[in-house]
Amino acid sequence: MRTYRKVLCGDYISCVAIGEYGEEITEEEYSNILEIIRTAPTPPDGYAYKLCADTMEWELVELPTMPDPDPEEELTESEVYEILFGGAE
């Protein structure tokens, strides 16, 4: 027998699945969530949509940005060897 599941991440549904991991749901709820996921809107650059578990509506959220690497913080070849092997040759 198939066991339908939804996986939550905080207040959001991250996925649905058939198996053992996640919160058990009915086949009807599984089909409804899957259809919502398949028809998700395309977010603008730098954003993502998350599916709210309580309202079943998409919420636009800004993605975190990574700072540009500081060129002065780059390691030299000997520093890389020191970190990896405990000494340079």
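Summed over the stretch 57-89, residues that are touching a strand residue (DSSP E or B) at 6+ places or on another chain (Cβ under 8 Å) and surrounded by fewer than 11 Cβ atoms within 10 Å (Cβ to Cβ) total 3. Got at least one residue in the stretch 1-9 being surrounded by 14 or more Cβ atoms within 10 Å (Cβ to Cβ), without any contact (Cβ under 8 Å) to a residue 60 or more places away in the chain, in contact with an Asp or Glu (Cβ under 8 Å, 6 or more places away or on another chain) and of a type in the set (S, T, N, Q)? Checking the stretch 1-9: at least one residue is surrounded by 14 or more Cβ atoms within 10 Å (Cβ to Cβ), without any contact (Cβ under 8 Å) to a residue 60 or more places away in the chain, in contact with an Asp or Glu (Cβ under 8 Å, 6 or more places away or on another chain) and of a type in the set (S, T, N, Q). Kindly provide the set of residues from the stretch 57-89 that are assigned to a helix (DSSP H, G or I) and aliphatic (A, V, I, L, M), ordered by number. 80, 83, 84 - these are the residues of the stretch 57-89 that are assigned to a helix (DSSP H, G or I) and aliphatic (A, V, I, L, M). Being in contact with an Asp or Glu (Cβ under 9 Å, 6 or more places away or on another chain), open to solvent by 80 Å² or more (accessible area, probe 1.4 Å), assigned to a loop (DSSP other than H, G, I, E, B) and not hydroxyl-bearing (Ser, Thr, Tyr) holds for only one residue in 54, 45, and it is 54.
The values are calculated or read from the model by the stated rules, or taken from the named source; none is laboratory data. Everything numeric in this text was worked out from a predicted model, so none of it was measured. Positions of Cβ are generated from backbone atoms using ideal geometry, with glycine treated the same way; all protein chains shown enter the neighbour counts. What goes into the accessible areas is simple: the full protein's heavy atoms, side chains included, and nothing from ligands, DNA or RNA. Shrake-Rupley method; radii C 1.70, N 1.55, O 1.52, S 1.80 Å.
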